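**Q** Got a structure for you, written out below as structure tokens; questions coming shortly.
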Amino acid sequence: MSVVSAPPPRVLTVAGSDSGGGAGIQADLKTMLALGVHGMSVVTAVTAQNSLGVQGAWELPVEGVRAQYRSVVDDIGVQAVKTGMLASAELVEVVAELLADTDAPAVVDPVGVSKHGDPLLAASALDSVRTRLLPVATVATPNLDEVAQLTGVRVESESGMRRAAEAVLAYGPRWVVIKGGHLSGEAVDLLTDGSEEHWLRAPRHDNRHTHGTGCTLASAIACGLARGRTVPEAVAAAKAYVTGAIAAGFALGAGIGPVDHGW
Ligand code: PLP
């Protein structure tokens, strides 16, 4: 007799492929596996990438992205969606339109530039991120470089993070996580919806192998939301997950290695 078990929560990532397996779609799916959800992927761009940086990037046609998304959402269904590298204004706009038409929370990681400084989003797409994508986000997760790119607000210390959050919230996401990981000292993030404030703190691990950190955090938040957690609960659990993954990050290749999902 066969036993059919209940399906796990389903989470979709809409992001770029990292051939080195450290960030992007690959980090997202590893996070989802580790957190016990069924991970699905809409590939927006393919990168040739390793521990030294991004050697090349190719976007998919808008129709290919739309078709992948509809295939997944219309049949399998999703309890949460996470977006990452969207590459171009055209892709940002189609993804924003698809999210607006989906009855599931959306975690938007407004990926701009890789840790090595390689552009993952065209400069011409910034306006579409501000006016089309951020308004449909349940949670946006910019780092301080992305905050500066999107809002012009430059944060040099923890005290500037509240102003950064206000500037991002002005574009319409329900919640924002300002990731202060690029500051020195404790790794501090600010989660707020403009009224509630949650400061999330973790000790800084002296480990340079942090490739994929942002993708992992956003995916882990989406996993929590798919399980029905509140945004503050999902973000706190995701912060704990990514802190462990950073502590376990390992050397790979000659450059910056990935965070680890098997800790
Ligand atoms: N490659 C892809 C496809 C990504 O989506 C991202 C980040 O979102 C990166 C690379 C950059 O990762 P990191 O800045 O952690 O090195």
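FYI, it's all coordinate maths here, none of it is from the lab. Predicted model, so just to flag it, every value in this text is computed and none were measured. Cβ: placed from backbone, ideal geometry, glycine included. Neighbour counts: every protein chain shown.
**Q** Kindly provide the helix-only [θ] at 222 nm of the chain, computed as the sum of -39,500 (n - 2.57) over DSSP H runs of four or more divided by all residues, to the nearest 500 deg cm²/dmol? Before the final figure, lay out each step's value.
**A** Working: 7 runs with 81 residues, N = 263.
The helix contribution divided over the chain gives -9500 deg cm²/dmol.
**Q** Can you compute the charge dipole magnitude of the chain about its Cα centre, using +1 on each Lys and Arg Cβ and -1 on each Asp and Glu Cβ, nothing else charged? Give it in debye, rounded to the nearest 20. Numbers along the way, then the final one.
**A** Details: 19 positive and 27 negative charges, 93 e Å.
About 440 debye.
**Q** Then there is this: Return the whole-Å distance between the Cα centroid of the stretch 98-155 and the Cα centroid of the stretch 167-232.
**A** Each part reduced to its Cα centre gives a spacing of 14 Å.
**Q** Could you sort the peptides 111-121, 77-87 by per-residue average Cβ neighbour count (10 Å cutoff), highest mean leading? It would help to have the intermediate numbers written out before the result.
**A** Working: 111-121: 17.7, 77-87: 26.0.
Highest-to-lowest ranking by the protection proxy: 77-87, 111-121.
**Q** Antiparallel as a % of all DSSP beta bridges within the chain, to the nearest 5? Before the final figure, lay out the partial values.
**A** Working: 17 of 40 bridges.
Within the chain, antiparallel bridges account for around 45 percent of the total.
**Q** Highest first, please rank the peptides 90-97, 177-184 by the mean number of other Cβ atoms sitting within 10 Å of their residues.
**A** On the way: 90-97: 21.8, 177-184: 20.2.
So the peptides 90-97, 177-184, ranked by packing, come out 90-97, 177-184.
**Q** Let me ask something else about it. For a quick protection proxy, order the peptides 188-198, 2-12, 23-33 by their average other-Cβ count within 10 Å, most packed first.
**A** Details: 188-198: 15.7, 2-12: 13.2, 23-33: 25.5.
Sorting 188-198, 2-12, 23-33 by mean packing, highest first, produces 23-33, 188-198, 2-12.
**Q** Further, regarding this structure: Need one word for the chain: rounded, prolate or oblate. Basis is the Cα gyration tensor (sqrt eigenvalues a ≥ b ≥ c); a/c below 1.5 gives rounded, then a/b vs b/c decides. Let's see the in-between values first.
**A** Values: a/c = 1.20, a/b = 1.14, b/c = 1.05.
Note, shape of the chain comes out rounded.
**Q** Sticking with this one: Can you give the local net charge around residue 48? Use residues other than it whose beta-carbon is closer than 15 angstrom to its beta-carbon, Lys and Arg +1, Asp and Glu -1.
**A** Working: positive: none; negative: 18, 59, 118.
Its environment carries a net charge of -3.
**Q** Could you pull out every whole DSSP H run in the chain that spans at least 18 Å of Cα extent along its own axis and averages 1.0 or higher on the Kyte-Doolittle scale? Numbers along the way, then the final one.
**A** Values: long enough: 213-226 (20 Å, 1.52); 231-247 (24 Å, 1.08).
Within the chain the helices that satisfy the rule are 213-226, 231-247.
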